[in-house]
Amino acid sequence: MIPPLLRRLALALLLALALVAGASALDTPIAWGYNTYGQCNVPEGLTAAQVAAGYGHSLAIRADGTVAAWGWNDEGQTNVPEGLIATQIAAGEHFSLAIHENGTVVGWGKASTGGAPPAGLTATAIAAGDYHGLAVKPDGTVEGWGYNGAGQITIPAGLSDVTAVAGGSMHSLALKSDGTVVAWGSNAKGQCNVPAGLIATQIATAGGDHSLALLANGTVVAWGDNTNGQCNVPAGLIATQIAAGGSFSMASRPDGTVVAWGPLSYGVTTPPTGLVVTQMAGGAMHALVVGNFRPTAAFTRSPSSGEPPLTVQFTDTSTGTPTSWHWDFGDSTTSPLQNPSHTYTATGDYTVTLTVTNAYGEDTKTSYVHVYIPWAPSFTASPTSGSAPLTVQFTDISTDDPFDWWWEFGDGDEVFSVQNPSHTYTEPGTYTVTLHAVNRYEEVGEVIREGYITVSAAPTPTPPPSSAHSLPYSQQRKETLSFLLMCWGGLAFVGVFCVVIFLLMNGAQRGSGGI
């Protein structure tokens, strides 16, 4: 038997090795996808170094080696044996497995489908398929138990030097120390057709009919059932870890971020934003990882614009629990505070950048501060005076790129959203013109020109020059009639006078003849 002290040291070493990409000793189990049985409801406050995912339940190893289990428990698969201290765990459809700190394999849940490993079996690695269990024994050989309907626990003769195993729905995989991969069991979907010449560093399959392998150069190779695209490895993917679910696949990149592919059902191929993982596992339709979130930078500033000197309060609203902050205020000054204030003394447009960091990465957010002298629009007009009707052309000459205008012409008329209007004044008077405008900073300004437009009355028409004797027509007619009457009167008098003379002369002649 291995002394207890050495077993404890081995446990600590295994837990540490589980954090190859990790940033701290323990991280948080994070789950997403199908959650009908609560398999994604990670217990509050749980931290772990290793997780395993079954059909409808989940497992995790705590820092002290105890095992947490949650989710579906129809066959007792979450009833962790009392006092179990584990170094590895695996989860099948209705059963769970663990390697005890003393090296023996422990199982619980449905015995006939994997929950009852051979008594006294010791192992260096374990795996769970849907209905069968696998173990790598200390001598590098493989032991299988549970359901054997497709020969998934019928170990190929002579198989040795195995370092890792993986269990699918009805097939099994083994990784040998030389990197070669051996597969057996059901091959209905080609899941046992290992690509020729494949040399791998990791293998994965879980509850499905497809298989994955990770090569030394970070390339992921997939084969078998591709009904849901689970074998369509993203182009250019370089990975450090792989995991397989019932009909989906996952990998972690060198920076710890996760990529998943396969069906869109239940969001299982959509990992949470900003997630960084240290270890991961695939269930039937849920994903379970150990990790945490890199921060997502965000902040507010108040005010965002104003006159100098302008004091701005910056407030960090980042998510993902940043542990350090770096502010660049855009004027050659910086701050490490979470919520600093800063005073701008000169006008200008300042680019403000916040970089937040935690143990899992960093993120940057940029925004702006506008410091200005109070803005007012400006305009010209032509002409600014004249007689009615007077048409005036107004021209906006405002700075800072205004995009909206409201003109008041002073005679009761106004116009909106026209930059350079013309307006006709029809009545004499003095008019005050007002321009309201909004600039690119959404600042509203106005300019008022008192008595800016002067409109005089239209001139009275001047009659043509008249002669010295010209009189109005009525007067001329009256005088003409008077003249005619005078002429007629004169003629009448002369006539009467001539008749009288004639008669007198005629009478005198008669008198002379009678003597």
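All of the numbers you see were taken from the coordinates with simple rules; none came from a lab. Everything quoted here is computed from the prediction, not taken from an experiment. No Cβ is skipped: glycine too gets one built from the backbone with ideal geometry, and neighbour counts run over all protein chains shown.
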Quiz item: For the modelled label position 7 Å from the Cα of Y441 along Cα-to-Cβ, which residues of region 317-348 have backbone nitrogen atoms closer than 14 Å?
Solution: 344-348
Quiz item: Which residues in region 420-454 place their backbone N less than 19 Å from a point set 7 Å from the Cα of A388 along the Cα-to-Cβ direction?
Solution: 423-433, 451-454
Quiz prompt | Residues whose placed amide H lies under 5 Å from that of G208, excluding near-sequence neighbours | solution = S169
Quiz item: Once fully extended, how much extra length lies between K365 and A458, figured as 0.36 nm per residue of separation less the alpha-carbon to alpha-carbon distance?
Solution: 27.0 nm
Exercise. Step through the residues of region 82-97 one at a time and calculate ³J(HN,Hα) from phi using the Karplus curve (6.51 cos²θ - 1.76 cosθ + 1.60, θ = phi - 60°), rounding each to whole Hz and writing x for Gly and Pro.
Key: 4, x, 5, 10, 10, 10, 9, 9, 8, 9, x, 6, 10, 8, 9, 10
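Of all GluC sites (Glu not before Pro) in region 80-124, which ones are in loop regions per DSSP and have a Cβ with at most 14 other Cβ atoms within 10 Å? Don't skip to the end; give the middle numbers.
Numbers: sites: E82, E93, E101; in loops: E82, E93, E101.
Hits after loop and neighbour filter: E82.
Please work out the FRET efficiency for the pair T317 and E82, using the Cβ-Cβ distance as r and a Förster radius of 51 Å; give the result to the nearest 0.05.
Working: r = 45 Å, r/R0 = 0.89.
So, using R0 = 51 Å, E works out to roughly 0.65.
Between T333 and A188, what is 0.36 nm times their sequence separation minus the Cα-Cα distance? Round to one decimal in nm. Walk me through the intermediate numbers first.
On the way: separation 145, 0.36 × 145 = 52.20 nm, distance 6.56 nm.
So the chain would gain 45.6 nm between T333 and A188.
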Quiz item: Which part of region 388-405 falls in the paramagnetic zone of T426, meaning amide N under 15 Å from the point 7 Å along Cα-to-beta-carbon?
Solution: 388-392
Self-check item: Net length gained if the chain between T122 and A196 were fully extended (0.36 nm per residue, minus Cα distance)
Solution: 23.4 nm
